[in-house]
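Below: one structure, written as structure tokens.
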Amino acid sequence: MKQILAIFVKDARRFWPEILICISLLVAFVLVYPTTWRVEDNPLSGGHMFRFFGAQGPMGVLAYCLVVLVPVAWVILTARAIHCDRLVGNTQHWITRPYDWRKLLAAKFLYLVTFLYAPFFIAQCVLLREAGFNPFHYLGGLFFNLFLLTAACMLPLVALVTLTKGFGRLMLVLLGLVLVIAATAGIVSVVSYSSISLPDLLSSILGYGLLICGSMAAIIVMYARRNAKVAWLTVLALTVAICLMNFFDPDAAVMNHYFPKPAAGTALPVTFAFGAPGLSPPSASLSGDEKSVVISIPVAQSGVSDGNVAVEQAVRVSMENGRGEKWVSPWEGTIADRFLPGSRNTWLRFQIRRKTYEEFKNGPVTLRISVAMSMAHVSSESVIPLRDADFAVPEIGVCKPTHWMWNPDELRGISCRSAMNTPQLTNVSVTWKWGDCRAESTRDQIKSNDWAGGLDPGPAEFGITSVWDAGVNLTWPALTGNVTNDAQWSLCAGTPMRFTQYETTSRLREELSIPAFEMPELTTADQLILLKYR
Amino acid sequence: MTLAIRTDHLRKSFGRTVALEGVGVEVPEGAIYALVGSNGAGKTTLIKVLMNIFRPSAGTATVLGRDSKRVAADVFCEIGYVSENQEAPDWMRVGEMLRYYRNFYPTWDCELEAQLVRQFDLPLDRKLKHLSRGMRMKAAFASSLAYRPRLLVLDEPLSGLDPLVRDELIEGLLDRVPETTVFLSSHDLAEIEGFSSHVGFLESGRLLFQEEMSSLTERFREVTVTMKSSAKVPEGVPQSWLQIEAADSVVRFVHSGYSEAECSVELMRYFPTAHDVRVEAMTLRAIFLAIAKTSRGTRQQATEDRTASEVRA
């Protein structure tokens, strides 16, 4: 312990300027970041100046600068402390002194805990407190965020620092790493045509597992043996493995297992019917990069029982034409459409390469669409009157009303802050009133709703902040369907808001088979606009 | 005899470059062993193998009874290491550095530390980076002697220092002997001649010889034989006669196994008509030059023989 403390004190004395800068930046972040939550309440930092400083004003810009600067300061703080007893080379003073590598490592760990982790933890607590949450209720999330920080950032960073001789070399290695990541992303975007990733089933566990094991192996090899060759090989293997995960998504391999087909004879929790009367015709449009075609299949969706919601997670398509040619897509992520109780017309969408589209468009094909879905059930429901000030919503956090920018006296929705993560999937519904809030309504009211959060959020979302925003846009039906020149829909303070929260109950895979499907012709951009407003 | 350092058929190569080949060093406890050799001979490599900075490619090395591959924190409590190439915690003040190192050595002697500070006239409040080379070396010595190490390993500790600093360091070193075994490397014979008890000579990665300094200077003599008429090198001279050459009426050679009685007999046998014989003691420098030149000559001959046999084949 004496040695650990001696090394720790030495580092603290030597790097006090770096420590001071790091902590000052964190303090500034804690002071500035909450102002972005209150941007509408403060006209000096908000709306009037948004043209020059972004929607959240100069404090918002400063907050986002600090979001970048704090991690940069952490990198410097970490690198300086480890490089001062560097492991690469054979002329360092300490390698022929009675330094026990475990104690040296422990001293560096103590240094990071004291000057990086502890201030970060305290900053997160203060932010929670500032946002109206009791930090003691979120200790699990707070520690989980520290774990994510360690696994995703600190361990790989420390591994690279141990492998480099100085800060310049470290920067070069980090630059190289950024180039590798950019190149991998570029290649993946060429190879793969789906921009939405699959649901996170295995990849994050595998990714974090690889990062933790690979980085720790490199660190231990360097501290125990100072064998840079073996440590570099470990880091290279780790980089290759993580890059490969982008090409061979491990989630795709376990989709069938995680989203099983319902047993034969059991009632399907959601059904899709193609070709029902009143449905629009299928459409095909080019994706943004014009390399693939997005096919939209209109379906009548029904069967979701009351109190449930089906959330679309991924689709897989197979096509077979009369010549016996078959094409099967990989699993593609979707935009997570939610299917509610009752019957309604909706779309199932998938992407195929343009070349494949051209091959199959001449003549009927047998189309099979597998839809992977999560079934969720209402876990809690609360009705809370909309207030023109911050108000607490159980299970979500603290919400505040949002106003129209051109008429700050009128409400348009809410924005919620939740602790450690976005909230569990929640449907927020509210009734808009026709006319002025103070006057008696002369027409029917109109309901609007929006979704916030997602299914199965973990104990914490990885981030520098412990408070997450979830905007709820309640204006859509009121504006698009009903607004007229001489009329006004109002969202009035005191209006009851219904917060319905859902929890995953099961996962399943449903298949829709469409025989003799004729591929639709490619729709032009003008036609798409017409189709949208039809 | 207990050995503080022992290597056996030690080999160290870096890729195709062989830095050490078949080195067998034996350093008795309490000795001041000087490892001498020209630049690039492999002295630093050998020291780095002993300090477990490099791992041997073959053979073994033992330091204070421990395999060099296992020399770690616990052994470094008993070893002091000073090298001209060693980085120091430059940002620290001298006093800070000494206080810092105190934490690592259970045997750190504060009184001895104070004595060394006085002896070397160290400025405790000056940062190491602001010290002269000599002062830095003295600070390194103080930080490596204050815990009374059993073994002090010094890699070219005196090179480039002015004579005054050199004397101060040597004096500080001699104060610790025989409590501390000293193993030092140098390419300058003059600087180690006065105080070393043992010497080893490393050339091109090979240890040509090692010996107690007293016996070495005892057995080497420069012999000059003057003949009455023109002289020539006799056939079949003993192998211990090195660098034998004849010019006019004089034959000169270095006797590497000199003893008065045997030498007289040998001289009578090979030079029965000698007019005059002079036998002179040699400086360490002259001894090393004789050995190095002979060794190079032998190696060149061996290479030529090998080439010739290959050509013939």
Return yes or no: is B:Ile5 crowded, with 17+ Cβ neighbours inside 10 Å and within 14 Å of chain A (Cβ to nearest Cβ)? no
Kindly state which strands (runs of 3 or more DSSP E) lie completely within region A:375-479 and contain at least 2 residues that are over 25 Å from A:Thr36 (Cα atoms) and of a type in the set (Phe, Trp, Tyr). A:426-434
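Can you confirm whether A:Phe115 is surrounded by fewer than 19 Cβ atoms within 10 Å (Cβ to Cβ), aromatic (Phe, Trp, Tyr) and away from chain B (no Cβ under 14 Å)? Walk me through it before giving the result.
Working: surrounded by fewer than 19 Cβ atoms within 10 Å (Cβ to Cβ): no; aromatic (Phe, Trp, Tyr): yes; away from chain B (no Cβ under 14 Å): yes.
It is false that A:Phe115 is surrounded by fewer than 19 Cβ atoms within 10 Å (Cβ to Cβ), aromatic (Phe, Trp, Tyr) and away from chain B (no Cβ under 14 Å).
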Hey, could you check region A:71-100 for residues that are among the aromatic types (Phe, Trp, Tyr) and more than 17 Å from A:Leu155 (Cβ to Cβ) and say which is farthest from the other protein chains (Cβ to nearest Cβ)? A:Trp94
Right, B:Glu191: of a type in the set (D, E, K, R) and either surrounded by 22 or more Cβ atoms within 10 Å (Cβ to Cβ) or in contact with a Leu (Cβ under 6 Å, 6 or more places away or on another chain) (or both) or not? yes
Residue list for region A:276-288, restricted to those being without any contact (Cβ under 8 Å) to a residue 60 or more places away in the chain and closer than 26 Å to A:Arg353 by Cα: A:Gly288
Could you look through region A:362-394, keep only residues that are modelled with pLDDT of 80 or more and among the charged types (D, E, K, R), and pick out the one that is farthest from A:Thr426 (Cα to Cα)? A:Arg368
Extreme residue, nearest to the other protein chains (Cβ to nearest Cβ), among residues of region B:48-61 that are out of contact with any helix residue (DSSP H, G or I) (no Cβ under 7 Å at 6 or more places or on another chain) and polar (S, T, N, Q): B:Ser57
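One line per residue, one yes/no per condition, for (1) touching a Pro at 6+ places or on another chain (Cβ under 9 Å); (2) in a helix (DSSP H, G or I); (3) in contact (Cβ under 8 Å) with a residue 60 or more places away in the chain; (4) away from chain B (no Cβ under 14 Å):
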| residue | (1), (2), (3), (4) |
| --- | --- |
| A:Ala107 | no, yes, yes, no |
| A:Pro119 | no, yes, yes, yes |
| A:Gln124 | yes, yes, yes, yes |
| A:Leu139 | no, yes, no, yes |
Quick check on my filter: what residues within region B:69-97 are more than 8 Å from every other protein chain (Cβ to nearest Cβ) and in contact (Cβ under 8 Å) with a residue 60 or more places away in the chain? B:Glu78, B:Gly80, B:Val82, B:Glu84
Can you find even one residue in region B:16-37 that is in contact with a strand residue (DSSP E or B) (Cβ under 7 Å, 6 or more places away or on another chain), among the β-branched types (Val, Ile, Thr), within 13 Å of chain A (Cβ to nearest Cβ) and buried (at least 22 other Cβ atoms within 10 Å of the Cβ)? no
I'd like the full set of residues that are at the interface with chain A (Cβ under 8 Å from one of its Cβ atoms) and either touching an Asp or Glu at 6+ places or on another chain (Cβ under 6 Å) or not aromatic (Phe, Trp, Tyr) (or both), limited to region B:98-126. B:Asn103
Say whether the condition of being touching a Pro at 6+ places or on another chain (Cβ under 8 Å) and within 22 Å of B:Met92 (Cα to Cα) is met by at least one residue in region B:120-129. yes
What do you reckon, is B:Thr44 more than 13 Å from every other protein chain (Cβ to nearest Cβ), touching a residue at least 12 places away in the same chain (Cβ under 8 Å), surrounded by fewer than 23 Cβ atoms within 10 Å (Cβ to Cβ) and on the phi < 0 side of the Ramachandran plot? no
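Identify all residues within region A:285-319 that are among the acidic types (Asp, Glu) and out of contact with any helix residue (DSSP H, G or I) (no Cβ under 9 Å at 6 or more places or on another chain); write none if there are none.
Hits for region A:285-319 are A:Asp306, A:Glu312.
Against the definition (farther than 26 Å from A:Leu201 by Cβ and surrounded by 14 or more Cβ atoms within 10 Å (Cβ to Cβ)), how does A:Ala314 come out, yes or no?
Judged against the criteria, A:Ala314 is not a match.
Here is a check on your reading of the model: is B:Ser214 of a type in the set (S, T, N, Q) and crowded, with 17+ Cβ neighbours inside 10 Å?
Values: of a type in the set (S, T, N, Q): yes; crowded, with 17+ Cβ neighbours inside 10 Å: no.
Spelling it out, it is not the case that B:Ser214 is of a type in the set (S, T, N, Q) and crowded, with 17+ Cβ neighbours inside 10 Å.
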I'm trying to understand the selection: among the residues of region B:52-67, which are farther than 12 Å from B:Val23 by Cβ and not basic (Lys, Arg)? B:Asn52, B:Ile53, B:Phe54, B:Thr62, B:Val63, B:Leu64, B:Gly65, B:Asp67
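The values are calculated or read from the model by the stated rules, or taken from the named source; none is laboratory data. Just so it is clear, the structure is predicted and the values come from calculations on it, not from any experiment. A quick note on method: Cβ atoms are made from the backbone with ideal geometry, for glycine too, and the neighbour counts reach across all protein chains shown.
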